[in-house]
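Everything on this sheet refers to the single structure shown next.
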Amino acid sequence: MKALYFLCILLVTVSCKDEGLQTYVLQGNAFGTTYTIQYFSSSEIDTEKGIDSVLYAINKSVSTYMPNSDISKINRGDTTVIVDEIFKEVFRVSEAVYTNSHGYFDPTIGVLRNAYGFGDTKPLNSIDKGVVDSLMTYVGFKKVQITKSGKVEKTHPEIYFDFNAVAKGYGIDRLGRYLESEGIANYLIELGGEILAKGKNLNKDKPWTVGIEAVSSSLEDRTYQATVNLTDLAMASSGNYRKFRIDSVSGVTYVHTINPLTGSAEQSDITSATVIASSCGVADAYATALMSMGLERSKELLKKTNGIEAYITYNETARIEKEYITEGFKKLLND
């Protein structure tokens, strides 16, 4: 998760059908991407200051792009850091998804992400099986723990935390908590394509409607392959169709979703995974887990996991793309 460069660029208010309520739309930059927050309130609230405070706290705790954040200090081997509640919550969400996915979601893959060129350090000049096997010594969520005193213990000092696959979603959840603390019950937060929808769209007196981006979509002209209705739900997506790196020497293509069990950065048969859950942090983590698990393991995980629905695109062959959609997700799709 990139460091915070917060800038409020637009605040719009429009009338709402509900008497006494107005629609507020706030846009800005955070975590290396953009956000849009739409909410309904009977009075104007100084949300800019509150949102700025939430984003700063998230970055100070778990952003690897901030040299003085807690996670950066821990990654450098500082054993004196007492982690805050943000770090603990992100850790707990990660641990739960790590356990339920049998290790396919693992935030200790930081050394691998850095090696492949998807982290915050320069990639290795060459990567072979021997290098991967060596780095795997420093991967494994069972090799870390938070003590009762709030310090992080690692079996190897080289273990490098990377909460990027959960922290953005968790940050959205924290923004939602902030809005609710201000008495706002109906809102939609979109940050970097991830969504948290609470209450309903009072202008339409309907659930919030959001889109699932198509794999073929470009950054300049985004298209959507489906839309869903969300009420008190979060949605997060993961895909390798944009995030990949081609080694300039070997010509090998590395994708940003790394298999924590093998250390491989190769594409599975899944091309994208969109997950709906009660919280965005959980949805974010499971979307990443499904990408590395592949289709068949993902189906098994989804069958046994309550409260998680998914829309998966996958390649049956090199040229044929198909979809797998859970029954719960289908009920939320628009016709």
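The values are calculated or read from the model by the stated rules, or taken from the named source; none is laboratory data. Because the structure is predicted, anything quoted here is derived from the model rather than measured. Here Cβ is always computed from backbone atoms with ideal geometry, including for glycine, and neighbour counts include all displayed protein chains.
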Looking at VAL131, is it β-branched (Val, Ile, Thr) and at pLDDT 95 or above?
no
Among the residues listed as TYR170, TYR160, TYR116, TYR138, the single one being in contact with a Gly (Cβ under 7 Å, 6 or more places away or on another chain), aromatic (Phe, Trp, Tyr) and more than 26 Å from ALA234 (Cα to Cα):
TYR160
So, of the residues in the range 173-224 that are of a type in the set (Val, Ile, Thr) and surrounded by 14 or more Cβ atoms within 10 Å (Cβ to Cβ), which turns out to be modelled with the lowest pLDDT?
VAL215
Selection from the range 292-328 of residues that are touching a Ser or Thr at 6+ places or on another chain (Cβ under 8 Å), assigned to a helix (DSSP H, G or I) and at pLDDT 95 or above
LEU301, LEU302
Looking across the range 156-199 at residues that are assigned to a helix (DSSP H, G or I) and small (Gly, Ala, Ser), the single one that is nearest to LYS142 (Cα to Cα) is ALA165
When the range 60-71 is checked residue by residue, the ones that are crowded, with 20+ Cβ neighbours inside 10 Å and over 15 Å from PHE31 (Cβ atoms) are ASP70
Within the range 104-118, residues at pLDDT below 90, closer than 19 Å to HIS156 by Cα and either in a loop (DSSP other than H, G, I, E, B) or not charged (D, E, K, R) (or both) come out as ASN114, ALA115
Within the range 80-103, tally of residues that are farther than 21 Å from LEU135 by Cα and either in a loop (DSSP other than H, G, I, E, B) or modelled with pLDDT under 95 (or both):
6
Mind listing just one residue for me: the one in the range 245-264 that is at pLDDT below 90 and closer than 30 Å to ARG174 by Cβ and, of those, surrounded by the most Cβ atoms within 10 Å (Cβ to Cβ)?
THR257
